Amino acid sequence: MKMPWTRLRELGIVGMNQRNAEFIMPYNQRRYYPLVDNKIITKQRAIEKNIPVPQLYGHIELEHQAAHLPALLSQYTEFVIKPANGSGGNGIMVIAGKTASGHFRKSNDSVVHIDEIKHHVSNILSGMYSLGGETDTAIIEYRVKFDPCFENVSFKGVPDIRLIVFRGIPLFAMIRLPTRQSDGRANLHQGAVGVGIDLGTGLTHHGVMQSRPILEHPDTGFPLTGIQIPQWDRILEMAATCYELAPLGYLGVDLVMDRELGPMMLELNARPGLAIQIANQQGLEPILKYAQTLGTIPASAKRRVKVGKLIRQKFAREST
């Protein structure tokens, strides 16, 4: 009888140790990590490359600046507060509106007072949610309004699209859909649903939740497959361009689809997770290793997208 890890190896599933040793360490120079770990730096560089990002409303760097929050936030009905150096979706507060009494309403419909928001910002500054627990800064930005195509497969949150970009070539994609269990967050570890996306067409296929295959969204009952992601080629080109603002060979790119503004880059990740393999029902190893053998990589993001599609077509043919 074959051992489970033998079967995973045959399927080309990459584990964390292999990811770190063969794809992160050789291709991701640590001097570039601040470009993706700090969301302010990432946002600034994206703007320089004409990559759309959620508008920045405010940046709280010091404790005394929190005193200005009431005046700053009075201008907005909806916004998101997040740590500049956060990870895993921790420390993000989403404000979806205001009550008649002037308090703020979170995306899960709970009500918070301005003093609670100040306290949350103070926790961010203390480093409660930052990588390594070091002091941090707080970002206040535009709240994305997700595209109507996700209306039936998302629970009180904004879906995001995760792409793996290797050597500047987009090769894998999935969409992460918020659920009741994830409290409206697009975080797989907290209970969101991951759905693979066909790289060539932008159509969704296999769904997964807590590492188990699913066919329907657990809260809405709607099918997860066959959803056409709008502006798919534009999304792929944006992901490929992100390699130019953060030259990491193994890069996770997170984008969102706003109903009015279209695709926007949310953040980058130098250590993207591996659940994207389960959502796509395909291992990373053979595709990444094939991409390793390529000689000169095209300078144009658009041409790198074409290369990525050709690679995925090649392996789709070989698997049939």
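Among the candidates GLN231, GLN190, the residue that is open to solvent by 10 Å² or more (accessible area, probe 1.4 Å), touching a residue at least 40 places away in the same chain (Cβ under 8 Å) and within 27 Å of ILE40 (Cα to Cα) is uniquely GLN190.
Filter the range 292-306 for residues that are surrounded by fewer than 19 Cβ atoms within 10 Å (Cβ to Cβ) and among the hydrophobic types (A, V, I, L, M, F, W, C); which is nearest to ALA46 (Cα to Cα)? Residue satisfying both the conditions and the ranking: ALA299. Checking each residue in the range 27-64 for being free of Cβ contacts under 8 Å to residues at least 60 places away in the same chain, of a type outside the set (Lys, Arg) and at negative phi picks out PRO34, ASN38, ILE41, GLN44, ILE47, HIS64.
For ILE47, the conditions (1) within 25 Å of ILE235 (Cα to Cα); (2) in contact with a helix residue (DSSP H, G or I) (Cβ under 7 Å, 6 or more places away or on another chain) all hold with the exception of (2).
Out of the residues in the range 71-103 that are aliphatic (A, V, I, L, M) and surrounded by fewer than 12 Cβ atoms within 10 Å (Cβ to Cβ), which is farthest from LYS43 (Cα to Cα)?
ALA100
Taking the stated definitions as given, is LEU236 in contact with a Phe, Trp or Tyr (Cβ under 9 Å, 6 or more places away or on another chain), surrounded by 14 or more Cβ atoms within 10 Å (Cβ to Cβ) and modelled with pLDDT of 95 or more? Here the answer is no, as LEU236 does not meet what is asked. Regarding GLY221, is this residue over 23 Å from GLN282 (Cα atoms), surrounded by fewer than 15 Cβ atoms within 10 Å (Cβ to Cβ), in the same structural domain as GLN277 (by TED's automatic domain parsing) and of a type outside the set (Asp, Glu)? So GLY221 fits the description; yes. Here the condition is being in a helix (DSSP H, G or I) and open to solvent by 30 Å² or more (accessible area, probe 1.4 Å); of HIS68, HIS59, it holds for HIS68 alone.
Scanning the range 134-174 for residues that are in contact (Cβ under 8 Å) with a residue 40 or more places away in the chain, within 21 Å of LYS39 (Cβ to Cβ) and among the β-branched types (Val, Ile, Thr) returns THR137, ILE139, ILE140, VAL144, VAL158, ILE161, ILE164, VAL165.
Determine, yes or no, whether ALA21 is without any contact (Cβ under 8 Å) to a residue 60 or more places away in the chain, of a type in the set (Gly, Ala, Ser) and surrounded by fewer than 17 Cβ atoms within 10 Å (Cβ to Cβ).
So ALA21 fits the description; yes.
I'd like to know if the range 148-164 contains one or more residues that are open to solvent by 50 Å² or more (accessible area, probe 1.4 Å) and closer than 28 Å to MET25 by Cβ. No: the range 148-164 contains no residue that is open to solvent by 50 Å² or more (accessible area, probe 1.4 Å) and closer than 28 Å to MET25 by Cβ. Per the conditions (1) under 16 Å from the mean Cα position of the chain (by Cα); (2) open to solvent by 40 Å² or more (accessible area, probe 1.4 Å), the sole criterion not satisfied by GLU260 is (1).
Residue-wise test of (1) at pLDDT 95 or above; (2) farther than 16 Å from LEU248 by Cα.
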{"position": "THR6", "(1), (2)": "no, yes"}
{"position": "LEU11", "(1), (2)": "no, yes"}
{"position": "GLY15", "(1), (2)": "no, yes"}
{"position": "GLN29", "(1), (2)": "yes, no"}
{"position": "ASN38", "(1), (2)": "no, no"}
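All of SER110, SER130 fail the test of being buried (at least 21 other Cβ atoms within 10 Å of the Cβ), within 21 Å of ARG185 (Cα to Cα) and modelled with pLDDT under 95, apart from SER130.
Going through (1) surrounded by 17 or more Cβ atoms within 10 Å (Cβ to Cβ); (2) in contact (Cβ under 8 Å) with a residue 60 or more places away in the chain; (3) touching a Phe, Trp or Tyr at 6+ places or on another chain (Cβ under 7 Å) one by one, GLY202 falls short only on (2). Residues that are part of a helix (DSSP H, G or I) and surrounded by fewer than 20 Cβ atoms within 10 Å (Cβ to Cβ) within the range 25-44 comprise ARG30, ARG31, TYR32, PRO34, LEU35, ILE40, ILE41, GLN44, listed in sequence order. Taking the range 264-288 on its own, how many of its residues are open to solvent by 10 Å² or more (accessible area, probe 1.4 Å) and within 12 Å of PRO52 (Cα to Cα)? Residues in the range 264-288 being open to solvent by 10 Å² or more (accessible area, probe 1.4 Å) and within 12 Å of PRO52 (Cα to Cα): 2 in total.
The values are calculated or read from the model by the stated rules, or taken from the named source; none is laboratory data. The model shown is predicted, which means the values in this text are computed figures rather than measured ones. Backbone-built Cβ (ideal geometry, glycine too); neighbour counts: all protein chains shown. Ligands, DNA and RNA are stripped out before the accessible areas are found, and what is left, the full protein with its side chains, is counted by its heavy atoms. Shrake-Rupley method; radii C 1.70, N 1.55, O 1.52, S 1.80 Å.
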